[in-house]
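Shown next, in structure tokens, is the structure this report addresses.
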Amino acid sequence: MRVDAKALLDRLGKSDFTYREFADRFSELELWPLFEALLRDTRLAQLEEGAEPGHGIVAGAVAASAGAPGREPAHQPFAALFSRYEGDGGAGSGSAARAAEPEPTPHELPPQDVRMLLRQLSELQRKGEL
Amino acid sequence: MALLLCHSSKGGTGNTFVAAHLALALVEHGADVTLLSTAAMDSLPLHFGLPPSTRLPGFNAGADRAVVASGISLRNDPRAPADPDFAATLRDLGFLDNGDRVLVLDVAAGDLGLARALLPLARAHVCTLPAAPESLSLLPDYLDIERGCWSDHSVVAINMLDETRKLTRHTAAFLRELLGARLVGRVRRDEAVPEALASLQYLSRYAPASAALADVAALARAVAPMLERPTLAEQIVPGRSWIA
Ligand SMILES: Nc1ncnc2c1ncn2[C@@H]1O[C@H](COP(=O)(O)OP(=O)(O)OP(=O)(O)O)[C@@H](O)[C@H]1O
Ligand SMILES: [Mg+2]
């Protein structure tokens, strides 16, 4: 932080300097191929099942450490997030082509999914969690 | 004593910074806090305005050798990662018995084995991550029960958040969706953090208006209640220790 900016902020007692003008522009949110790859990783399923810390994961952890078989591979975590990739020609079909491009361009969200996401984001912002 | 484990999937994410500030916040809330780093090359003293020549005592060193900053007993035990009995030693010394004391452990990312061994004893595990591609790509392995370091008591804090950067913004939003309630805080990138280190000053003194300072305080408010909960070990065999 520059000295003058720091002095000004200190003088104003402003402890919540934030980039709100940037945080608002979520309409341009893109889903990058890395995001897509992650949504296809079944190991992230436990995040969905035990969303609240302190609930739900213990039993799974114990079962797995006792050598119980893993989750069914058919299980698709984050159905809602994942659905944004539907109609894209399936897993990785575009990824190879994109990888060959010098500057890979991330996906644009389909319009109605953008709206859904924006609703969620504005809800989060309303609750002060954004 | 409640154990608060700070360990990240990746080095250089601000794990030590977050551990130091969680410890400071807990002291402010009236807890009796020991902050133990297990890094061989330890930058912990710097976060307390102490000069680089500072040598922190080992975990078992007597009170006469204690280095206390802001009421926190600072310690460094670089042998812990190679000591297979470290977790058992913690228990045997009575450090994990109930009480008002809190042990904040700063375990470097590379010491995954130690973090895994400590995880069942921890009331809370905070994984500090920047909103960056590497953080995302390591997440499935980090959550993997066989290879990673993730339990019911694990939560994530985004650090070095810079929302002027498009990819950071998108990655943070994605992490938020992915982690839900497991994402307990976000700390903005703030030059005042390294500047305070260079000034050999506490961040709170160097830049009281620091965005990162306010954020890390909010993070501490989210993490503190977790320390009231029983550990994973206590949940599995109530009243009995995890390590037989
Ligand atoms: N929110 C932030 N804004 C700006 N700089 C930060 C922030 N958090 C941490 N830093 C800086 O990033 C650097 C790395 O931080 P730190 O040493 O805490 O990371 P670490 O994860 O403990 O690293 P290591 O893997 O080496 O132990 C430090 O210079 C620190 O001052
Ligand atoms: Mg560190």
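The values are calculated or read from the model by the stated rules, or taken from the named source; none is laboratory data. As the structure is a prediction and not an experimental result, all values here were calculated from the model. Cβ atoms come from the backbone with ideal geometry, glycine included; neighbour counts cover every protein chain shown. These area figures cover heavy atoms from the full protein model, side chains too; ligands, DNA and RNA do not enter into them. Shrake-Rupley method; radii C 1.70, N 1.55, O 1.52, S 1.80 Å.
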Inter-residue pairs, beta-carbon under 8 Å, first more than 21 Å from B:VAL33 (Cβ to Cβ) and part of a helix (DSSP H, G or I) and in region B:199-221, second within 13 Å of ligand 1 (Cβ to nearest atom) and open to solvent by 40 Å² or more (accessible area, probe 1.4 Å), 6+ apart: B:TYR206/B:GLU195; B:TYR206/B:SER199; B:ALA211/A:PHE17
Given (1) crowded, with 19+ Cβ neighbours inside 10 Å; (2) closer than 18 Å to B:LEU24 by Cα, number of the condition B:ALA218 does not satisfy: (1)
B:PRO120 being at the interface with another protein chain (Cβ under 10 Å from one of its Cβ atoms) and away from ligand 2 (no atom under 16 Å from the Cβ): yes
Top-ranked residue in region B:18-56 [being within 17 Å of B:ALA2 (Cα to Cα) and part of a loop (DSSP other than H, G, I, E, B); ranked as farthest from ligand 2 (Cβ to nearest atom)]: B:GLY30
Sole residue being open to solvent by 60 Å² or more (accessible area, probe 1.4 Å) and of a type in the set (Lys, Arg), chosen from B:ARG75, B:ARG55: B:ARG55
Any chance B:PRO194 is open to solvent by 10 Å² or more (accessible area, probe 1.4 Å), within 16 Å of ligand 2 (Cβ to nearest atom) and touching a strand residue (DSSP E or B) at 6+ places or on another chain (Cβ under 7 Å): no
